[in-house]
Amino acid sequence: MKKKFAIIGSGIAGLTLANLLHKEKKNDFMVYEKNESLPLDEGYGIQLSTNSIRILNEINFDKISSENIYHPKGVDFYNIQNKKICDLDLIQFNTNNNKYTTLQRSTLIEFLKDDIYTQHLRFGKRIKQVSELKGKVLIKFDDNTNDLVDYVIGADGIFSNTRTFFEKKKNKPVFKNAIAIRTILNSTSGLDIDQSKISLMMGKNCHLVIYPINKNKILNFVCILRHKYADPDNVKTLLEEVIKQNSNLKKAFEKNLKSWPLYATPKILPSSNSKVFYIGDAFNGFLPTLAQGAGQSIESAFELYKLIKNERVDIQNIYFQDRSKRAKIIKRRSNFNFFIFHLSSKIMQEIRNYFMKFLLKRKSFINSYLGTVYKN
Ligand SMILES: Cc1cc2nc3c(=O)[nH]c(=O)nc-3n(C[C@H](O)[C@H](O)[C@H](O)COP(=O)(O)OP(=O)(O)OC[C@H]3O[C@@H](n4cnc5c(N)ncnc54)[C@H](O)[C@@H]3O)c2cc1C
């Protein structure tokens with residue numbers, strides 16, 4: 001029987017689910033976004049590994065103009081002085097149609113909005129009240145409109161407001177004593193890196209990731225910095241700690257910088273309402289050190305979509321079991337990367353570099369550490 005879905009939030013998770021439901025045309029849905037528009041002027045980059053590209057291809061991502069995306073060949077690891085330690089081949093995970101991809105976040109949002117923008121997306125909508133009515137959920141928005149739906153999908157990010165309406169157990173995101181600082185570079189800014197790859201430089205309490213986001217080789221530059229009292233308004237002072245380690249980085253940090261503090265959700269908790277599901281960061285938010293935030297948003301939307309499509313009974317239980325298993329693996333790897341990318345002791349850094357050189361040559365290690373993530 002035809003069901004109606006209210007998707008709360010038009011980020012990568014919400015829009016992916018909307019596209020999948022749109023393609024299937026079996027159920028009704030509407031995406032409700034609190035902002036007045038989509039962030040289409042945002043130039044920052046995003047990495048999508050093959051696990052998410054495979055899903056996006058189901059909604060024709062393979063038709064996107066190749067000018068607007070990039071397929072990096074691998075990852076080069078450097079110390080903060082720009083001395084190469086080792087590399088990782090990313091091509092080994094690719095197939096003909098399914099390649100590790102980097103692009104501007106706005107390119108992805110633009111692609112995801114296309115088919116649903118007019119009929120299925122409403123802006124300026126914030127939930128004011130929810131109640132049960134005749135076995136359905138009645139949502140009242142703060143602009144005095146409402147919707148009666150069979151299912152509510154919380155896709156409203158790590159600080160999910162939807163959770164506050166439906167969940168008694170608190171699971172407040174915690175600050176991870178770290179900050180992300182981003183900019184866009186038009187050239188390598190004096191760094192000795194291969195522009196066709198992702199470059200990852202590891203320093204004391206910081207690491208930098210630089211990668212091309214389109215065929216013009218515009219580079220996304222992000223610095224993750226550990227700091228107990230990281231203040232996004234005082235970025236320049238924080239960056240002095242990084243520039244002290246390599247003065248060549250000064251040029252890259254002269255650009256327009258945007259920063260934000262990093263949070264993660266402490267526990268992975270199930271939904272307490274059989275009619276309410278959480279996807280993307282609203283299900284669980286973790287550190288960006290495995291570049292899987294968008295990937296997991298896409299995966300979670302796809303997992304839920306398949307269960308809806310196949311009209312599985314006990315969807316709630318199956319979804320939570322599968323999603324939490326997957327989220328735990330990603331979370332563990334992201335936390336581990338966060339730890340090893342930021343070592344402060346010189347001796348520990350040397351030991352890490354030795355093991356990285358050794359392990360990244362081992363197929364069995366690569367397959368178990370990354371293959372399980374990228375080939376899901
Ligand atoms: C520095 C950094 C680098 C990253 N790099 C990568 C990367 O390379 N690769 C990758 O895969 N991931 C990356 N991520 C993570 C990734 O961006 C996120 O995990 C992902 O965007 C989450 O998508 P989402 O749709 O769940 O949530 P969001 O993108 O947060 O979207 C939530 C949407 O819900 C809306 N909303 C919020 N509250 C309400 C409400 N009350 N009512 C209605 N709407 C609401 C918001 O306005 C927003 O549109 C990175 C993150 C950081 C911080």
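Only the coordinates and a few stated rules stand behind these numbers; no lab work does. Small disclaimer: the values here were computed from a predicted structure and weren't measured. Cβ placement follows ideal geometry from the backbone for every residue including glycine, while neighbour counts extend to all protein chains displayed.
When the charge dipole of segment 246-295 is built from unit charges on Cβ atoms (+1 for Lys and Arg, -1 for Asp and Glu) and taken about the Cα centre, the candidate among Pro261, Ser274, Leu290 whose Cα reaches farthest toward its positive end is Pro261. Just round it to a whole percent: the fraction of Cα-Cα distances in segment 1-119 exceeding 25 Å. Within segment 1-119, distances greater than 25 Å cover 35 percent of Cα pairs. From the largest down, segment 1-56 spans 41, 31, 13 angstrom on the principal axes of its Cα atoms. Taking 7 Å steps out from each Cα toward its Cβ at Lys258 and His227 produces label points 1.9 nm apart.
Placing a pseudo-label 7 Å from each Cα along the Cα-to-Cβ vector at Lys4 and Lys346 gives an inter-label distance of 6.8 nm.
What FRET efficiency would be calculated for the residue pair Lys357, Glu42, taking the C-beta separation as r and a Förster radius of 41 Å, to the nearest 0.05? Intermediate values should be presented prior to the final figure.
Details: r = 36 Å, r/R0 = 0.89.
My answer for the efficiency is 0.70.
Need the full-extension length gain, Ser364 to Gln245, defined as separation in residues times 0.36 nm minus the C-alpha distance. One decimal, nm. Let's see the in-between values first.
Details: separation 119, 0.36 × 119 = 42.84 nm, distance 3.42 nm.
Here the segment from Ser364 to Gln245 would lengthen by 39.4 nm.
Could you tell me the center-to-center distance, by alpha carbons, between segment 7-72 and segment 247-274 in angstrom? Measuring centre to centre over Cα atoms gives 20 Å. Mean separation of Cα pairs under 8 Å and 6 or more residues apart, divided by the residue count, gives the chain a relative contact order of 22 percent.
Of the beta bridges in the chain, as assigned by DSSP with both residues counted there, near 70 percent are antiparallel. Each peptide in 89-98, 157-166, 357-366 gets a packing score, the mean of other Cβ atoms within 10 Å over its residues, and the list from highest to lowest is 157-166, 89-98, 357-366. With each label modelled as a point 7 angstrom along the Cα→C-beta vector, the Asp192-Asp62 pair spans 4.1 nm. Our summary gives segment 252-376 a relative contact order of 21 percent, counting only alpha carbon pairs under 8 angstrom and 6 or more residues apart. Quarter the surface of the alpha carbon convex hull of the chain and you get the mean projected area, 18.5 square nanometres.
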